[in-house]
1. Could you tell me how far the Cα centroid of the range 48-84 sits from the Cα centroid of the range 10-42, in Å?
2. Could you sort the peptides 27-33, 60-66 by per-residue average Cβ neighbour count (10 Å cutoff), highest mean leading?
3. Calculated from DSSP H runs of 4 or more alone, at -39500 (n - 2.57) each and per residue, what is the 222 nm mean residue ellipticity of the chain, nearest 500?
4. Can you match P(r) over Cα pairs in 5 Å bins from 0, in percent to one of these, (1) 2, 9, 6, 7, 5, 6, 5, 5, 5, 4, 5, 4, 4, 4, 4, 3, 3, 3, 3, 2, 2, 2, 2, 2, 1, 1, 1, 1, 1, 0, 0; (2) 2, 12, 19, 18, 15, 11, 8, 6, 5, 3, 1, 0; (3) 2, 13, 25, 27, 20, 9, 3, 1, 0, based on a calculation from the structure here?
5. Pairs of alpha-carbon atoms within less than 8 angstrom and 6+ residues apart define the contacts here; what relative contact order does the chain have, in percent?
6. Can you tell me the 0 to 90 degree angle between the C-alpha axis of helix 83-92 and the longest principal axis of the chain, rounded to 10?
7. Give me the angle, in degrees from 0 to 90, between the Cα long axis of helix 52-67 and the longest principal axis of the Cα atoms of the chain, rounded to the nearest 10.
8. Can you sort 25, 12 by how many other beta carbons sit within 10 Å, fewest first?
């Protein structure tokens with residue numbers, strides 16, 4: 001994965017669990033790449049919730065732990081146009097390319 005990339009993500013619930021799938025989005029030699037980075041439960045600790053703050057911590061942890069990348073290297077987010085995702089983009093300081 002290059003130094004700068006975009007992040008595509010979506011969440012869904014099954015029973016009482018909420019999951020997040022995340023993909024990187026970048027270009028290599030003129031070709032778009034969009035590999036799956038993670039597909040995990042979002043809430044792992046009792047203090048976790050479905051807020052933008054928890055989403056930010058989750059994203060930051062996955063990028064650093066699994067890919068040795070920092071959240072600051074993310075150029076944009078692609079996700080649903082909901083309040084949590086808009087807030088997440090604001091917290092990270094990147095544009096949200098919203099899916100309707």
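1. Cα centres, the range 10-42 to the range 48-84: 11 Å.
2. Working: 27-33: 8.4, 60-66: 14.7.
Answer by packing, highest mean first, reads 60-66, 27-33.
3. Numbers: 2 runs with 26 residues, N = 100.
So the calculated ellipticity at 222 nm is -8000 deg cm²/dmol.
4. Among (1) 2, 9, 6, 7, 5, 6, 5, 5, 5, 4, 5, 4, 4, 4, 4, 3, 3, 3, 3, 2, 2, 2, 2, 2, 1, 1, 1, 1, 1, 0, 0; (2) 2, 12, 19, 18, 15, 11, 8, 6, 5, 3, 1, 0; (3) 2, 13, 25, 27, 20, 9, 3, 1, 0, the one calculated here is (3).
5. Working: 165 pairs, mean separation 25.2, N = 100.
After rounding, I find 25 percent.
6. Taking Cα atoms only, the helix is inclined about 50 degrees.
7. Compared with the principal axis, the helix lies near 50 degrees.
8. On the way: 25 18, 12 9.
Fewest-to-most ranking of 25, 12: 12, 25.
FYI, it's all coordinate maths here, none of it is from the lab. Small disclaimer: the values here were computed from a predicted structure and weren't measured. Note that we place each Cβ from the backbone using ideal geometry, even for glycine, and neighbour counts take in every protein chain shown.
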